[in-house]
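The values are calculated or read from the model by the stated rules, or taken from the named source; none is laboratory data. Everything numeric here is computed off the predicted structure, so don't read it as measured data. Here the Cβ positions follow ideal geometry from the backbone for every residue, glycine too, while neighbour counts run over all protein chains shown. Note: areas computed on protein heavy atoms with side chains; ligands, DNA, RNA excluded. Shrake-Rupley method; radii C 1.70, N 1.55, O 1.52, S 1.80 Å.
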Amino acid sequence: MEELIIIAVTLIVTYITGSVIEKNHYKSIKQREIALIRKPIVSYGIKEWNSKRKIRSVELVTGEVVVGVGYFKAFVANLKNLFGGRLTSIESVLDRGRREAILRMREKAIGANFIINTRIDTVMLNDLGGKSSDPQCAIIASGTAITYE
Amino acid sequence: MILTNIESVPGYKILAQYGLVSGSTVRAKNFVLDFGAGIKNTFGGELKSYTELLMESRKEAVNRMKEQAQMMGANAIINVRFATSAVTAGAAEVYAYGTAVKVEPVEG
């Protein structure tokens with residue numbers, strides 16, 4: 001009985017903290033995306049560079065982030081996993097993480113004109129159902145920043 | 001040393017290529033920070049200490065790759081890719097690999 005109460009309290013507390021953290025994170029992501037709207041253009045596929053303009057520098061830029069899923073979201077995902085379907089609680093965490101990683105990459109290359117061939121690499125550090133702790137995802141975004149003369 | 005993740009270096013031409021170079025690191029934080037991150041993870045949100053760990057590992061992997069390329073006599077690495085994998089809880093591997101080449105600026 002006591003164990004059930006502890007689980008219920010943890011669920012309620014982590015539901016509140018998790019949604020507050022997520023809301024604030026989305027707010028900051030949106031603000032920073034708007035601030036960067038006229039800064040380096042990001043492309044995901046271009047591999048060759050054909051332009052007459054002189055290039056001053058070419059460099060590899062990266063952005064990394066580790067986001068924790070949280071007890072409540074992991075609990076909901078585990079339940080939903082039994083029945084199948086979309087795991088919306090995990091989707092939002094991955095979406096936040098990827099956008100954050102791309103933003104960090106762009107903020108590092110603030111003076112550049114283009115970032116081309118952006119790649120995103122994701123790994124879940126603890127799988128769902130792992131006993132040790134709740135899952136976290138580690139994300140590295142990388143791209144080539146090109147600055148004109 | 002110029003690094004790119006495309007198949008050329010814009011504004012330069014490739015003179016010679018030396019093949020694959022790579023670097024990897026496996027890093028873990030100490031158990032005190034693991035404990036702190038575990039608590040943070042329960043509530044959700046970014047885990048700053050693990051983000052720093054990931055950044056350090058990425059730098060270290062890239063540095064090892066660069067050293068290897070320098071020994072070969074290359075001055076650029078093209079097509080750099082990153083791969084990450086989870087070893088155990090709190091430890092992550094970062095692997096960076098690319099092709100070492102010698103480049104020269106294009107005249108005009």
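Before moving on, here are some points about what is shown:
Quick grid of which residues meet (1) part of a strand (DSSP E or B); (2) within 28 Å of A:Thr118 (Cα to Cα); (3) open to solvent by less than 40 Å² (accessible area, probe 1.4 Å); (4) basic (Lys, Arg):
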position	(1), (2), (3), (4)
A:Lys39	no, yes, no, yes
A:Tyr44	no, yes, no, no
A:Lys52	no, yes, no, yes
A:Ser57	yes, yes, no, no
A:Glu64	yes, yes, yes, no
A:Ala77	no, no, yes, no
A:Gly85	no, no, no, no
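- Positions within the stretch A:77-129 being of a type in the set (Ser, Thr, Tyr) and closer than 27 Å to A:Val20 by Cβ, in sequence order: A:Thr88, A:Ser89, A:Ser92, A:Thr122
- Considering the stretch A:131-149, the residues that are within 7 Å of chain B (Cβ to nearest Cβ) and more than 27 Å from A:Ala112 (Cβ to Cβ) include one that is modelled with the highest pLDDT, namely A:Gln136.
- A single member of A:Ile55, A:Ile115 is modelled with pLDDT under 85 and touching a Pro at 6+ places or on another chain (Cβ under 7 Å), and it is A:Ile55.
- In the stretch A:28-37 there is no residue that is crowded, with 17+ Cβ neighbours inside 10 Å and in contact (Cβ under 8 Å) with a residue 24 or more places away in the chain.
- Total residues in the stretch B:87-104, condition open to solvent by less than 40 Å² (accessible area, probe 1.4 Å), more than 10 Å from chain A (Cβ to nearest Cβ) and of a type outside the set (Val, Ile, Thr): 1
- Restricting the stretch A:66-75 to residues that are open to solvent by 10 Å² or more (accessible area, probe 1.4 Å) and more than 7 Å from chain B (Cβ to nearest Cβ) leaves a set whose member that is farthest from the chain's Cα centre (by Cα) is A:Phe75.
- Taken together, B:Ile39, B:Ile77 contain a single residue that is within 13 Å of chain A (Cβ to nearest Cβ), modelled with pLDDT of 90 or more and either within 30 Å of A:Gly18 (Cα to Cα) or in contact with a Leu (Cβ under 6 Å, 6 or more places away or on another chain) (or both), which is B:Ile77.
- Among the residues of the stretch B:44-86, those identified as among the hydrophobic types (A, V, I, L, M, F, W, C), surrounded by fewer than 20 Cβ atoms within 10 Å (Cβ to Cβ) and over 17 Å from the mean Cα position of the chain (by Cα) are B:Met71, B:Met72.
- Members of the stretch A:22-65 that are of a type in the set (A, V, I, L, M) and more than 7 Å from chain B (Cβ to nearest Cβ): A:Ile29, A:Ile34, A:Ala35, A:Leu36, A:Ile37, A:Ile41, A:Val42, A:Ile46, A:Val61
- Condition check for B:Val62: more than 20 Å from B:Phe31 (Cα to Cα) and at the interface with chain A (Cβ under 9 Å from one of its Cβ atoms): yes
- Any hit, the stretch B:1-18, residues being open to solvent by less than 20 Å² (accessible area, probe 1.4 Å), over 27 Å from A:Tyr148 (Cα atoms) and part of a strand (DSSP E or B): no
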